[in-house]
Amino acid sequence: MPRESGSPRVDAESDFMRARRHQVLSGLAARVRNDSDDVVQSMSFDEVVAALGRRGEHYGGTRVIPLDAIVGSVDKVRDFDRRFRPTSTRSRERWERLARASRTGEDIPPIEVYQVGDYYFVRDGHHRVSVARSLDLKLIEAQVTVVDTLLTPVGIADRAALELKHWRRMMLERVPFAGEARAAITVDTPAFYGEIAETVEAWAARQMHAEGAYMDRDTMARRWYEEEFLPVAELIDEAGVKGPTETLAEAYLRVACERYRLIREHDWNADIMEQVGKIKRKRR
């Protein structure tokens, strides 16, 4: 806990001014580094859940959670930065009142949070979190509501990562890959997920036309992966045409595009791969 003067009121005032000073200095440093706003701003719960896809929620009980795991807010993303330091003096009186209560040992009610994976987002208790972090506390009591998502909530530190998650979720809604296929079909460029979905749906349309039978989406995803992607991935590996920074799915998209541009057909064979292999430029 920061140094005490013996006066809870004076100490609370000092706590607030120290938190504001650190927030201002952190913001200036971020500008010097040319950091984007989402590196320093508190994360938005709505943006995160929209990107990951919300399946449901359930009450997780009241428990003690690490303050460092609280990364965002439901409705006050601009009032506090990523470390929950106040971004203005608008609520100074309320902040200092809570700081005095914390310093004198008054009973502080639990905060309310949403849990998404290992991350927590504040529903109620932003000032309590801010004060606790200012006093160098490590844990805080919280009433937790656990949110279940379609995508695993990892790698969501900034908006660029959220955009990639959003497009991946959209692809999986159209093409419900499962198991090995779900893990294998990854790209680093958001729009490529849309291209994969279109590619799979076009392949399924050709198959249904040729076979004269309907194919549901689960079957479409499974068959495309087994009958199209895996054999082509083997050809790509044998021909050595995968770029050094490409995922296998990105290599598939690039090679499939070049194949069709060259010969205007959908067959795969060694001669086609030889022609495609002469094109070294990676598509971006």
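Side notes on the structure shown:
- Enumeration of residues in region 85-111 that are among the hydrophobic types (A, V, I, L, M, F, W, C) and in contact with a strand residue (DSSP E or B) (Cβ under 7 Å, 6 or more places away or on another chain): W95, I111
- Subset tally (residues that are closer than 22 Å to L150 by Cβ, surrounded by 13 or more Cβ atoms within 10 Å (Cβ to Cβ) and acidic (D, E)) for region 199-229: 1
- Within the set A51, A99, the sole residue that is farther than 30 Å from M171 by Cα, at pLDDT below 95 and buried (at least 20 other Cβ atoms within 10 Å of the Cβ) turns out to be A99.
- Against the test of being modelled with pLDDT under 95 and of a type in the set (A, V, I, L, M, F, W, C), the options A142, A157, A181 yield a single qualifying residue, A157.
The values are calculated or read from the model by the stated rules, or taken from the named source; none is laboratory data. This is a predicted model, so every value here is computed, not measured. Virtual Cβ from ideal backbone geometry, glycine too; neighbours counted across all protein chains shown.
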